[in-house]
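Notes follow the structure.
The values are calculated or read from the model by the stated rules, or taken from the named source; none is laboratory data. All values derive from a computational prediction rather than experimental measurement. Note: ideal-geometry Cβ built from the backbone for every residue, glycine included; neighbour counts use all protein chains shown. Calculation scope for accessible area: heavy atoms of the full protein, side chains included, ligands and nucleic acids excluded. Shrake-Rupley method; radii C 1.70, N 1.55, O 1.52, S 1.80 Å.
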Amino acid sequence: MMDFLPINIDDMNKRGWDQCDFVFVTGDAYVDHSSFGTAIISRLLERYGYKVGIIAQPNWKDLESFKILGEPKLGFLVNSGNIDSMVNHYTSFKKKRRNDVYSPGNKPNMRPDRAITVYSNRIREAYKNVPIIIGGIEASLRRLSHYDYWSDSIKRSILMDSGADLLVYGMGEKSIVQIAESLESGIPISEITYINGTVYKTRDIERPFEPVILPSYNEVTSSKKQYSQSFKIQYENTDSITAKTLVEQYDSIYVVQNPPMEILTEQELDDIYDLEYMMDFHPIYNNLGGVPALDEIKFSITSVRGCFGGCSFCALNYHQGRIIQSRSHESIVKEVEKMTVDKNFKGYIHDVGGPTANFRIKACEKQEKYGVCKDKSCLSPERCKNLVVDHSDYLNLLKKIRKVEGVKKVFIRSGIRYDYAIYDSKDDFIKELCKHHVSGQLRTAPEHVSERVLKLMGKPSIKTYNIFVDKFYSESKKQNKEQYIVPYFISSHPGSRLKDAIELAEYIRDMGHTPEQVQDFYPTPGTLSTCMYYTGINPLSGEEVYIPKSIEERKMQRALMQYNKKENYELVLNALKKEKRYDLIGNNSKALIRQRNKN
């Protein structure tokens with residue numbers, strides 16, 4: 001009978017285990033669901049015959065918490081969970097968050113800041129010589145030197161600070177199986193330097209084959225221009241077909257990034273999602289409020305990986321890559337059929353998507369053989385002439401899911417790339433979207449309206465977005481459906497001046513409603529936008545970029561997005577006065593705020 005993986009010695013005894021092959025330490029509560037990286041990697045290793053135990057959210061202040069499953073035969077696997085621990089803990093204004101949806105009952109402070117580094121160092125205290133392999137989003141985006149927003153400094157590769165032996169970046173399935181097989185065959189962890197999708201440390205500069213030498217850590221910490229150049233090289237080496245080995249020097253130690261692991265085939269991706277997951281959180285959390293993060297994704301479907309959207313503020317091209325990897329219809333329908341027998345299933349599929357829901361095919365034919373372009377984006381600032389726009393496969397998939405017995409409604413809540421949608425001459429996707437797949441409101445992400453800012457964001461012109469909006473409302477009217485678009489905007493992105501924020505506020509005014517939630521730009525490791533934020537340079541062009549860094553200006557830009565809130569009045573007033581936009585203060589129909597009487 002299928003069960004959760006062991007979390008204590010009693011569980012191991014029930015399985016007749018004397019020792020685990022791997023112990024997986026994670027910053028999330030233990031959820032055995034295919035949307036959680038810990039579950040995917042542990043179940044995949046199980047399929048290959050390895051014994052895996054889970055230590056979820058250990059008490060990092062107590063060394064015994066890392067010993068509850070004993071010493072593993074092959075090594076420890078460590079991640080921070082599905083989300084970066086610093087993003088999990090702090091807002092974009094560096095204020096402590098009060099909730100953690102990845103912890104039981106939304107409880108905060110169940111993992112430390114910089115969880116991977118803390119966990120790995122504690123494991124090393126407990127077991128001096130056991131291999132430690134780190135991975136997941138926190139490790140992946142910190143694999144080389146990187147700007148750290150929370151300390152406002154350049155930090156070393158996480159391999160250096162964590163003391164781990166090996167880092168797996170990207171999605172990691174193929175890499176971890178090869179690592180496990182290498183360790184099982186008796187190869188020392190220090191000699192496992194040949195696996196794609198991994199990063200290792202060495203004192204021997206001759207070990208990597210024909211590497212590209214990045215600016216050293218000392219160079220990138222002393223020169224923003226050098227940091228920008230290093231980032232550009234990394235940015236251009238994220239494709240498994242074209243990427244080179246990269247080397248970064250730390251005095252006498254070299255951190256070596258092997259090229260990315262090759263992408264998964266459809267069959268390989270199907271195999272990952274066809275693994276026998278419990279699709280639930282561990283029962284130890286039943287009396288603790290469960291794990292809220294599961295609520296939204298429990299009845300959602302991951303249909304694709306990768307994204308060729310090219311948004312500058314997103315780290316997906318650095319983590320999942322730009323080439324689309326899709327599951328088969330059969331695999332997805334099989335997962336839906338399993339959902340329908342769940343006692344909590346009410347007939348609603350919450351989402352069918354991935355990083356971008358309506359990307360189901362590769363951007364162009366040349367990617368099959370030559371990989372992605374190093375110096376071009378598929379969609380920004382304009383559509384590439386080689387881009388293949390075709391929604392037919394996705395629409396056929398959605399139709400099949402709708403026909404599954406027990407399914408009442410299939411929603412699409414992943415991001416939809418609206419420019420890709422309007423480039424489809426058939427308009428079939430927008431018609432089907434409006435008819436079948438909107439739950440009253442459709443989330444979209446135009447992000448801004450200023451053409452200059454949008455270009456730096458890697459987003460299309462706001463004119464493109466407006467075309468989509470018109471088509472959506474026109475089609476919804478034809479369907480006699482009262483449906484609305486909920487746009488998301490980002491304030492204080494690199495390049496955004498106060499006048500751009502005011503332009504955005506005017507656009508929001510003309511929409512007729514203000515956003516309930518606003519998002520301030522958050523400089524997280526691994527993104528093009530973060531490199532611009534730190535250096536003031538666009539690394540792809542070498543051009544200088546204006547950065548709104550002062551807290552005062554960032555608060556103004558944020559307040560302008562909700563200009564009609566009473567608590568934002570003074571900030572909006574000061575912003576408008578600063579830009580001499582007195583025409584937007586008063587009683588006229590275009591004013592953002594009224595002029596208050598002095599008395």
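So if I check each of LYS201, LYS232, which one is among the charged types (D, E, K, R), within 26 Å of GLY172 (Cβ to Cβ), outside any loop (DSSP other than H, G, I, E, B) and in contact (Cβ under 8 Å) with a residue 60 or more places away in the chain?
LYS232
Any idea how many residues of the stretch 562-599 are in contact with a Gly (Cβ under 7 Å, 6 or more places away or on another chain) and not in a loop (DSSP other than H, G, I, E, B)?
Count: 0.
Quick check on this structure: which one of GLY37, GLY53, GLY70, GLY75 is under 19 Å from the mean Cα position of the chain (by Cα), open to solvent by less than 60 Å² (accessible area, probe 1.4 Å) and closer than 26 Å to ILE192 by Cα? Outline the logic, then answer.
Numbers: GLY53 fails: under 19 Å from the mean Cα position of the chain (by Cα); GLY70 fails: under 19 Å from the mean Cα position of the chain (by Cα); GLY75 fails: under 19 Å from the mean Cα position of the chain (by Cα).
Matching residue, one of GLY37, GLY53, GLY70, GLY75: GLY37.
Does the stretch 63-91 hold any residues that are of a type in the set (Phe, Trp, Tyr) and not in a strand (DSSP E or B), and which are they?
Within the stretch 63-91, PHE66 is the sole residue that qualifies.
Report, by residue number, each residue of the stretch 470-490 that is buried (at least 17 other Cβ atoms within 10 Å of the Cβ) and under 22 Å from SER380 (Cβ atoms).
LYS471, PHE472, ILE485, PRO487, PHE489, ILE490
Name the residue that is surrounded by the fewest Cβ atoms within 10 Å (Cβ to Cβ), counting only residues in the stretch 222-246 that are among the small types (Gly, Ala, Ser) and either within 25 Å of GLN325 (Cα to Cα) or in contact with a helix residue (DSSP H, G or I) (Cβ under 8 Å, 6 or more places away or on another chain) (or both).
Step one: list which residues in the stretch 222-246 are among the small types (Gly, Ala, Ser), which gives 222-223, 228, 230, 240, 243.
Applying the additional criterion that residues be either within 25 Å of GLN325 (Cα to Cα) or in contact with a helix residue (DSSP H, G or I) (Cβ under 8 Å, 6 or more places away or on another chain) (or both) yields 228, 230, 240, 243.
Numbers: SER228: 21, SER230: 24, SER240: 17, ALA243: 20.
So the residue we want is SER240.
Since ARG98 meets every condition but one in (1) without any contact (Cβ under 8 Å) to a residue 40 or more places away in the chain; (2) in a helix (DSSP H, G or I); (3) surrounded by fewer than 17 Cβ atoms within 10 Å (Cβ to Cβ), which condition does it not meet?
Every condition holds for ARG98 apart from (2).
Whether any residue in the stretch 508-527 is more than 25 Å from GLY415 (Cβ to Cβ) and outside any helix (DSSP H, G or I) is what I want to check.
no
Which condition number does ILE133 fail, the rest of (1) part of a strand (DSSP E or B); (2) without any contact (Cβ under 8 Å) to a residue 12 or more places away in the chain being met?
(2)
Go through the stretch 205-221 residue by residue and tally those that are loosely packed, with under 13 Cβ neighbours inside 10 Å and either aromatic (Phe, Trp, Tyr) or in a helix (DSSP H, G or I) (or both).
1
Which numbered condition in (1) surrounded by fewer than 22 Cβ atoms within 10 Å (Cβ to Cβ); (2) part of a loop (DSSP other than H, G, I, E, B) is the only one that MET171 fails?
Here MET171 meets the rest and fails (1).
Within the stretch 372-399, can you find the residues that are under 22 Å from the mean Cα position of the chain (by Cα) and open to solvent by 30 Å² or more (accessible area, probe 1.4 Å)?
Scanning the stretch 372-399 gives CYS373, LYS374, LYS376, SER377.
Look through the stretch 1-25, keep the residues that are touching a residue at least 60 places away in the same chain (Cβ under 8 Å) and not in a loop (DSSP other than H, G, I, E, B), and return whichever of them is most open to solvent (accessible area, probe 1.4 Å).
Taking the stretch 1-25 first, the residues touching a residue at least 60 places away in the same chain (Cβ under 8 Å) are 2-4, 6-9, 21-22, 25.
Cutting the leftovers down to not in a loop (DSSP other than H, G, I, E, B) gives us 9, 22, 25.
Details: ILE9: 76, PHE22: 1, VAL25: 0 Å².
For the stretch 1-25, the residue satisfying everything is ILE9.
Scan the stretch 425-461 for residues that are open to solvent by 20 Å² or more (accessible area, probe 1.4 Å), assigned to a helix (DSSP H, G or I) and more than 20 Å from ASN538 (Cα to Cα) and report the count. Talk me through it step by step, then tell me what you get.
If we filter the stretch 425-461 for residues that are open to solvent by 20 Å² or more (accessible area, probe 1.4 Å), which is where we start, we get 425-428, 431-432, 435-436, 439-441, 443, 445, 451-452, 455-456, 461.
Then keep just the ones that are assigned to a helix (DSSP H, G or I); that gives 428, 431-432, 435-436, 451-452, 455-456.
If we keep only those that are more than 20 Å from ASN538 (Cα to Cα) as well, we get 428, 431-432, 435-436.
Number of matching residues: 5.
Given the condition modelled with pLDDT under 95 and under 26 Å from PHE231 (Cβ atoms), answer yes or no: does some residue in the stretch 555-571 qualify?
no
Please enumerate the residues belonging to the stretch 400-413 that are touching a residue at least 24 places away in the same chain (Cβ under 8 Å) and either open to solvent by 60 Å² or more (accessible area, probe 1.4 Å) or part of a strand (DSSP E or B) (or both).
Listed by number, the residues that qualify are LYS400, ARG402, GLU405, LYS408, LYS409, VAL410, ARG413.
Just wondering, is there one or more residues in the stretch 301-314 that are free of Cβ contacts under 8 Å to residues at least 60 places away in the same chain, buried (at least 20 other Cβ atoms within 10 Å of the Cβ) and under 14 Å from SER34 (Cα atoms)? Quick ask: steps written out before the conclusion?
So in the stretch 301-314, the residues free of Cβ contacts under 8 Å to residues at least 60 places away in the same chain come out as 304, 306-307.
From the residues that got through so far, the ones that are buried (at least 20 other Cβ atoms within 10 Å of the Cβ) too are 304, 306-307.
Then drop every residue that is not under 14 Å from SER34 (Cα atoms), which leaves 304.
The answer is yes; a qualifying residue exists.
Only residues that are hydrophobic (A, V, I, L, M, F, W, C) and either touching a helix residue (DSSP H, G or I) at 6+ places or on another chain (Cβ under 8 Å) or open to solvent by 10 Å² or more (accessible area, probe 1.4 Å) (or both): list them for the stretch 319-333, please.
Within the stretch 319-333, ILE323, ILE332, VAL333 meet the criteria.
Would you tally the residues in the stretch 150-168 being open to solvent by less than 10 Å² (accessible area, probe 1.4 Å), part of a loop (DSSP other than H, G, I, E, B) and more than 21 Å from ILE213 (Cβ to Cβ)?
1
Provide a single number: the residues in the stretch 177-195 that are in contact (Cβ under 8 Å) with a residue 12 or more places away in the chain and either open to solvent by less than 10 Å² (accessible area, probe 1.4 Å) or farther than 26 Å from ARG305 by Cα (or both).
So the count comes out to 10.
Regarding GLU365, is this residue acidic (Asp, Glu), at pLDDT below 95 and closer than 22 Å to GLU262 by Cβ?
Values: acidic (Asp, Glu): yes; at pLDDT below 95: yes; closer than 22 Å to GLU262 by Cβ: yes.
Here the answer is yes, as GLU365 does meet what is asked.
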